[in-house]
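Structure first, commentary second.
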Amino acid sequence: MKIDSLSTLLQEELKDIYDAEKRLVRALPKMAKAASSDELRSALQEHLEVTKVHVQRLEQAFELLGVAAKAKPCAGMKGPIEEGEEVIGEDASETLMDAAIIGAAQRVEHYEMAAYGTARTFAERLGNDEVASLLEETLNEEKEADQKLTEISEQLLEGMNDASEQETEEKSAAGRRTKTSRA
């Protein structure tokens, strides 16, 4: 397709995002299933429901633009989702697996934030306030999801540091007992 106007470019961006969101609807349940933290699993399941709303909003945007809701393969989302699926297959402790899942999910969120921000700006420039508003609403939800993942990650890593410090102290104490018993 020839992109000969900002309007055409916006439509192409929306097709890309539409595919990205549909891919995410298929990927999130796998990520949630692989999560061991109840909080992470819940956040991913909640974001799945929000993502379904994002798909509906995109369909509204297409309708407002007077074009059919149609996806075009989104290479930008394909990679991070494949990386996330690869991470799920790794051998790791529960905490490290959850941290890896969060990292994969945040890469997805950052892609989406960039895509929605770009499309929103195009819609604003075209004076299409309704489409811009729909895209802005989704952009804000993507930012919220990213923040929630950051908070969960910080909690997991804090617990991991506490466990690591305790393990180090136990090893030191065991070393001291061994030296004492030899004396």
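The values are calculated or read from the model by the stated rules, or taken from the named source; none is laboratory data. Quick caveat: nothing in here was measured; it's all calculated off a predicted structure. Positions of Cβ are backbone-derived with ideal geometry, glycine not excepted, and every protein chain shown enters the neighbour counts.
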In segment 105-116, is there at least one residue being surrounded by 15 or more Cβ atoms within 10 Å (Cβ to Cβ) and over 13 Å from residue 20 (Cβ atoms)? yes
Scanning segment 129-173 for residues that are at pLDDT 95 or above and basic (Lys, Arg), which turns out surrounded by the most Cβ atoms within 10 Å (Cβ to Cβ)? 148
Reported set for segment 1-22 where residues are basic (Lys, Arg) and either under 17 Å from residue 121 (Cα atoms) or in a loop (DSSP other than H, G, I, E, B) (or both) is 2, 15
For segment 144-159, the count of residues that are farther than 17 Å from residue 108 by Cβ and in contact (Cβ under 8 Å) with a residue 12 or more places away in the chain equals 4
Helices (runs of 4 or more DSSP H) fully within segment 23-142 counting 3 or more residues that are in contact with a strand residue (DSSP E or B) (Cβ under 9 Å, 6 or more places away or on another chain) and in contact (Cβ under 8 Å) with a residue 24 or more places away in the chain: none
May I ask you to verify whether residue 59 is loosely packed, with under 13 Cβ neighbours inside 10 Å and on the phi < 0 side of the Ramachandran plot? no
